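The values are calculated or read from the model by the stated rules, or taken from the named source; none is laboratory data. Note that this is a predicted model, so its numbers are computed, not measured. Please note: Cβ atoms are built from the backbone with ideal geometry, for glycine as well, and neighbour counts cover all protein chains shown.
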């Protein structure tokens, strides 16, 4: 039965990826996209790159949430909880605050600062946890939560200090959006996602054992500190790249793995590939809704995921309480 459910999730995700580019304010057929003109331009230059970007970003966020939930043995552990996303948001806010005009060909300056902010957060969390002797799941989690609050406070301070236009740009970025994503963005994320997800797939047996407890993992021959460090830095780097490009899109890393876990079970051997694929489909569906619900205007996809994520979060709390 689980094999059938797994296959169904893969087929569903493939259908979402194939159908999403054809959904929008302007309808056209498969034949239209090869005839040139407006339909072809819209499909190849706007919708397809956006769908590819959203699918890759969703896969990365879902994979990151899965790893953190298993590694820290906490159902609500996400990249947001550990300060990676807030660090990236703070980096972008600093860019707007100082009015920098820095760019690398193909990259917006705010994205570069967001990437630097996320990198600094990664090393602060891990370094501080090591310094206080808490380089374990609890120590990293607590330091991450503290850093998350600090970054959020600094972002609000910067928003209050800048002009109205910059404040609006910071707010829009911190909501999270895939609007304007092009093929360059998709190609930028693709190698990051492939390498990162490959590492996670390779270590999913060790991740299963770590989720059972450090003593159990060590007894089975797992070098727990080394595997934890590799997974932590791999996932954090993946998430940093996504947040730098799309902003901190919330709750995907929490919802997608749990939805898959309810259908396929808790074993990471089976769950990991399913969660990666389903996460891509989930964010693609949310982004398609974000650009079509109020068409011709669109809302940031972070609003959709937050509206869905808040009640799901309550559901997890109630479910855990009953257990």
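Tabulated data
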quantity: Condition check for residue 250: assigned to a loop (DSSP other than H, G, I, E, B), within 12 Å of the chain's Cα centre (by Cα) and under 16 Å from residue 77 (Cβ atoms); calculated: yes
quantity: Some residue of the stretch 250-262 being in contact with a helix residue (DSSP H, G or I) (Cβ under 8 Å, 6 or more places away or on another chain), farther than 19 Å from residue 82 by Cβ and either in contact (Cβ under 8 Å) with a residue 40 or more places away in the chain or buried (at least 24 other Cβ atoms within 10 Å of the Cβ) (or both); calculated: yes
quantity: Output for the stretch 159-187, where each listed residue is surrounded by 19 or more Cβ atoms within 10 Å (Cβ to Cβ) and either more than 18 Å from residue 290 (Cβ to Cβ) or touching a strand residue (DSSP E or B) at 6+ places or on another chain (Cβ under 7 Å) (or both); calculated: 170
quantity: Selection within the stretch 220-244 - in contact (Cβ under 8 Å) with a residue 24 or more places away in the chain and either in contact with a strand residue (DSSP E or B) (Cβ under 9 Å, 6 or more places away or on another chain) or farther than 24 Å from residue 306 by Cβ (or both); calculated: 225, 227, 228, 229, 230, 231, 232, 233, 234, 237, 244
quantity: Qualifying residues in the stretch 296-314 (those that are in contact with a helix residue (DSSP H, G or I) (Cβ under 9 Å, 6 or more places away or on another chain) and over 29 Å from residue 42 (Cα atoms)) - the one modelled with the lowest pLDDT; calculated: 313
quantity: Matching residues, the stretch 100-133, being out of contact with any helix residue (DSSP H, G or I) (no Cβ under 7 Å at 6 or more places or on another chain) and modelled with pLDDT under 65; calculated: 105, 107, 108, 133
quantity: Residue list for the stretch 296-317, restricted to those being closer than 19 Å to residue 169 by Cα and over 15 Å from the mean Cα position of the chain (by Cα); calculated: 297, 298, 299
quantity: Scan of the stretch 210-247 for residues that are closer than 23 Å to residue 127 by Cβ and outside any helix (DSSP H, G or I), ordered by number; calculated: 223
quantity: Residue count for the stretch 188-208, restricted to those that are free of Cβ contacts under 8 Å to residues at least 24 places away in the same chain and in contact with a strand residue (DSSP E or B) (Cβ under 9 Å, 6 or more places away or on another chain); calculated: 0
quantity: The stretch 67-91 - residue that is assigned to a helix (DSSP H, G or I) and under 11 Å from the mean Cα position of the chain (by Cα) and, of those, surrounded by the most Cβ atoms within 10 Å (Cβ to Cβ); calculated: 84
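Yes or no, residue by residue, for (1) touching a strand residue (DSSP E or B) at 6+ places or on another chain (Cβ under 8 Å); (2) in contact (Cβ under 8 Å) with a residue 24 or more places away in the chain; (3) within 30 Å of residue 122 (Cα to Cα):
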{"site": "18", "(1), (2), (3)": "no, no, no"}
{"site": "23", "(1), (2), (3)": "no, yes, no"}
{"site": "26", "(1), (2), (3)": "no, no, no"}
{"site": "32", "(1), (2), (3)": "no, no, no"}
{"site": "50", "(1), (2), (3)": "no, yes, yes"}
{"site": "60", "(1), (2), (3)": "no, yes, yes"}
{"site": "69", "(1), (2), (3)": "no, yes, yes"}
{"site": "82", "(1), (2), (3)": "no, yes, yes"}
{"site": "87", "(1), (2), (3)": "no, yes, yes"}
